[in-house]
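What follows is a single structure, written as structure tokens, with notes after it.
The values are calculated or read from the model by the stated rules, or taken from the named source; none is laboratory data. On a predicted model such as this, the values are computed, not experimentally measured, just so you know. Cβ sites come from the backbone with ideal geometry, for glycine too, and all protein chains shown count toward neighbours.
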């Protein structure tokens with residue numbers, strides 16, 4: 001079957017998300033290879049990723065509008081749009097996938113699902129866990145192809161959601177070094193480093209999934225060192241984190257908020273720390289490695305997919321003592337930081353954009369500039 005008209009669907013396109021960063025890049029590759037692509041965004045947020053050269057439409061114009069309460073409006077608009085296409089692709093998990101699967105059923109148009117997380121971990125946080133698990137399983141099993149961005153998510157959907165291994169594909173997110181270098185050249189106001197001070201940087205939204213309280217507790221144990229931690233990101237956990245900083249007089253931790261350009265902050269780091277409880281694809285970790293930064297990572301599978309043998313120190317995910325020990329070890333040993341940085345950089349050389357394009361061509365059966 002030839003698919004040259006492809007509709008992609010995502011819930012929001014606000015800046016800062018990994019899916020939102022990858023999707024425009026993916027769409028442009030498909031366009032370059034002869035496909036007609038269009039993006040439907042379920043809800044328009046106050047800020048959106050620039051998409052000027054792409055065909056895009058928003059169903060709900062208000063960021064405060066709830067998706068479930070507008071299910072029929074969304075499904076009606078999506079189904080009308082899908083009739084002009086030959087393939088529908090869900091690019092976000094759960095509710096977006098539900099709408100795509102229903103639209104596919106109503107229009108008899110096949111669909112792909114891009115899995116961006118470890119579904120078992122996420123569904124455990126839902127109020128109606130069992131029904132969401134069964135519904136997502138049904139949507140995945142009826143998809144023509146299921147594309148995962150990590151080995152852990154691929155293993156999860158085959159083991160726990162009943163997806164046939166034959167229809168799954170592994171597509172790691174691309175690392176765009178050209179874009180990183182362009183952003184490094186932009187002027188950004190950065191913290192001033194004191195003589196002999198060690199800067200640690202972590203990037204990600206302020207959310208319990210990112211495990212920042214464990215990171216903060218580790219820095220309580222490091223106040224004898226000349227070291228500071230900078231958190232780049234914004235989110236619903238900000239007040240809780242600010243309260244922790246205030247309660248424990250945590251002067252060596254700074255919340256920088258959301259930044260349009262994270263790369264100068266990564267470049268400034270002596271150590272990059274990522275402490276998530278779970279991840280889909282750890283984009284920012286690989287980007288830090290591209291900038292030759294030594295890594296301290298939680299020992300979750302998405303991190304170990306890449307750095308299990310070299311380039312990083314791992315700590316037990318919710319153990320602040322273990323994390324503090326690893327941070328102290330690197331902060332006090334510049335030679336070890338340099339060795340790990342070199343190793344981390346060597347690991348990420350296999351994840352450049354041209355490899356991503358070849359894998360995408362295989363998934364969409366692209367040959368000689370056409371979708372087939």
Within the range 306-327, is there a residue that is under 30 Å from residue 112 (Cβ atoms) and assigned to a helix (DSSP H, G or I)?
yes
Could you check how many residues of the range 115-146 are touching a helix residue (DSSP H, G or I) at 6+ places or on another chain (Cβ under 8 Å) and not in a helix (DSSP H, G or I)?
9
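Per-residue answers, yes or no, for (1) in contact with a strand residue (DSSP E or B) (Cβ under 7 Å, 6 or more places away or on another chain); (2) buried (at least 20 other Cβ atoms within 10 Å of the Cβ); (3) modelled with pLDDT of 95 or more:
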{"residue": "310", "(1), (2), (3)": "no, no, no"}
{"residue": "314", "(1), (2), (3)": "yes, no, yes"}
{"residue": "317", "(1), (2), (3)": "yes, no, no"}
{"residue": "322", "(1), (2), (3)": "yes, no, yes"}
{"residue": "340", "(1), (2), (3)": "yes, yes, yes"}
{"residue": "348", "(1), (2), (3)": "yes, yes, no"}
{"residue": "365", "(1), (2), (3)": "yes, no, no"}
{"residue": "371", "(1), (2), (3)": "no, yes, no"}
One residue is enough: does the range 70-79 have a residue meeting the conditions touching a helix residue (DSSP H, G or I) at 6+ places or on another chain (Cβ under 9 Å), modelled with pLDDT of 95 or more and within 22 Å of residue 281 (Cα to Cα)?
no
For the range 64-89, the count of residues that are in contact (Cβ under 8 Å) with a residue 40 or more places away in the chain and either surrounded by 15 or more Cβ atoms within 10 Å (Cβ to Cβ) or within 25 Å of the chain's Cα centre (by Cα) (or both) equals 9
Count, please, the residues in the range 198-224 that happen to be assigned to a loop (DSSP other than H, G, I, E, B), at pLDDT 95 or above and surrounded by fewer than 16 Cβ atoms within 10 Å (Cβ to Cβ).
1
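For the range 249-270, what are the residues that are in a loop (DSSP other than H, G, I, E, B) and farther than 17 Å from residue 211 by Cβ?
So in the range 249-270, the residues in a loop (DSSP other than H, G, I, E, B) come out as 249-252, 258-262, 269-270.
Scanning the range 249-270 gives 249, 251, 252, 258, 259, 260, 261, 262, 269, 270.
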Residue 163 being closer than 30 Å to residue 208 by Cα and part of a helix (DSSP H, G or I)
no
With the requirement that a residue be in contact with a strand residue (DSSP E or B) (Cβ under 7 Å, 6 or more places away or on another chain) and outside any loop (DSSP other than H, G, I, E, B), what does the range 279-303 give you?
284, 285, 286, 287, 288, 289, 290, 295, 296, 297, 298, 303
Are any residues in the range 269-285 over 15 Å from residue 18 (Cβ atoms) and either assigned by TED's automatic domain parsing to the domain that holds residue 147 or crowded, with 17+ Cβ neighbours inside 10 Å (or both), and if so, which ones?
269, 270, 271, 272, 273, 275
